[in-house]
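Notes follow once the structure below has been shown.
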Amino acid sequence: MFILWFQSYLRKRPYGGTFFIQFLPALAVLCLLSPVTAAVVELKENVAISGGAVLLGDIATVTGAAPADLAALPLGASPLAGTATRWTRDAVAQVILAKYPQEKITWQGGVLWCRVERPGRSLQGEEVQARLEEELTKITRGAGEARVKEINSWSDLVVPQGPLEFSFEFASTTLRSAWAGANMKITINGEPVLARSVRFRWSWMRPGWQAKTNLAAGQPLDLKDFEAVTVDVLTQPTPIYIGEELPQDSCLTRGCVAGRLLTAGDMKPQTLVKRGSPVTLRYTKGGLTIQLQALALQDGARGQIIAVQNATTRKKLMARVTDEMTLDYVQ
């Protein structure tokens with residue numbers, strides 16, 4: 001409005017140009033008296049940072065006519081854990097003006113630079129071992145007991161203070177070897193902190209069965225001949241049989257000396273029905289059970305389906321072995 005009035009005034013004056021030159025000082029005074037928007041920034045003297053980036057609002061108080069998001073402006077990466085750095089007024093101004101070139105900055109207070117510290121603590125091998133054991137318990141589904149014996153060439157590391165979140169990516173051979181490897185990643189509130197490969201030795205204690213006396217091939221497995229023991233399955237030269245109980249209706253495929261651990265290859269299902277032997281065949285339908293005499297045409301263990309022959313009609317039938325010399329008709 002003032003400019004429009006001033007232009008109209010000049011057109012009415014015979015010496016408008018000369019008058020305009022005389023009027024410039026007054027116009028300059030009016031401009032100086034007009035309010036100028038600016039961000040008022042006051043640096044803090046010392047701050048501690050827990051995150052991975054330093055924000056303007058972390059190290060300074062921002063007031064005045066500043067952009068609404070100026071306090072959230074990232075200045076740069078935080079210092080390493082356990083170390084400190086500093087941000088000067090010039091360094092802060094460069095970042096602000098790079099983002100907001102037209103912004104005017106007014107400094108307040110007497111602090112010329114802010115010391116930024118990232119508190120740290122020592123990450124020791126015992127803590128990593130405990131976290132490894134937690135993850136090993138998960139991948140072994142809680143079967144037995146997993147214990148980390150040592151971490152190869154471990155040296156304590158300095159990490160930022162805060163709740164550490166661990167994740168491990170194990171090698172494919174982990175469940176078969178006493179020495180294993182994993183890629184370890186550590187984050188705090190989702191921010192990456194550390195990535196490192198670790199090699200460790202561990203034990204996996206599980207129940208096994210040990211022969212009390214010398215046993216011959218073909219001998220049925222009997223609880224009186226074995227005792228339950230807990231062993232590290234990772235140190236066994238041959239995979240052992242793992243189970244809370246001895247398998248039923250099984251016999252030894254080979255001799256077993258006293259003190260030897262039972263392996264899966266040491267046993268096979270015990271034959272309850274022998275080929276050519278007479279058997280009882282049961283036929284059940286609608287609550288009615290009929291028993292017939294038949295002849296086994298094959299050897300059979302419990303649960304196996306074998307061929308039998310009806311002793312009267314000579315018809316071939318299929319039946320499931322349910323007990324010694326007893327079968328259930330299936331078709």
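Bear in mind these aren't lab numbers, they're just calculated from the coordinates by the rules spelled out. Quantities reported herein were computed from a predicted structural model and do not represent experimental measurements. All Cβ positions, even for glycine, are placed from backbone atoms using ideal geometry, and neighbour counts span all protein chains on display.
Brief remarks follow.
- Dipole of segment 205-269 [Lys/Arg +1, Asp/Glu -1 at C-beta], most positive-end residue of Leu221, Pro269, Gly259: Gly259
- Put simply, the amide H of Gln304, placed in the peptide plane, has neighbours under 5 Å in Val321, leaving out anything fewer than 5 places away on its chain.
- Size check on segment 122-204: the Cα extents along the three principal axes, sorted descending, read 34, 25, 19 Å.
- Close amide H pairs (under 5 Å, H built 1.01 Å from N) link Ala65 with Ala38, Val40, residues at least 5 positions away or on another chain.
- Under Karplus coefficients 6.51, -1.76 and 1.60, residue-wise ³J(HN,Hα) of segment 290-297 in Hz, glycine/proline x: 10, 10, 10, 8, 9, 10, 6, 9
- Using the Cβ-Cβ distance between Asn183 and Ala77 with R0 = 22 Å, the FRET efficiency computed as 1/(1 + (r/R0)^6) comes to roughly 0.40.
- Among Ser203, Ser122, the ranking by other beta carbons within 10 Å of each residue's beta carbon, starting with the fewest, stands as Ser122, Ser203.
- Taking θ as phi - 60° and the Karplus parameters 6.51, -1.76 and 1.60, the scalar couplings of segment 186-193 work out to 10, 10, 10, 6, x, 8, x, 10 Hz in sequence order, x denoting glycine and proline.
- Each of Val62, Val257 was scored by other Cβ atoms within 10 Å of its Cβ. Arranged with the fewest first, they read Val257, Val62.
- Per-residue HN-Hα couplings for segment 149-162 [Karplus 6.51, -1.76, 1.60; θ = phi - 60°; Hz; x = Gly/Pro]: 7, 6, 10, 5, 6, 7, 10, 4, 10, 9, 10, x, 5, x
- Distance between the 7 Å Cα→Cβ label points at Glu165 and Glu150: 3.4 nm.
- Taking Arg282, Arg314 and counting other C-beta atoms within 10 Å, the order from fewest to most: Arg314, Arg282
- In this rough spin-label picture, where each label sits 7 Å from Cα along the Cβ direction, the Thr326-Ala217 distance is 3.3 nm.
- Pair-distance profile P(r), taking every C-alpha pair of segment 171-310, with 5 angstrom steps and integer %: 2, 8, 12, 12, 10, 10, 9, 9, 8, 6, 5, 4, 2, 2, 1, 0
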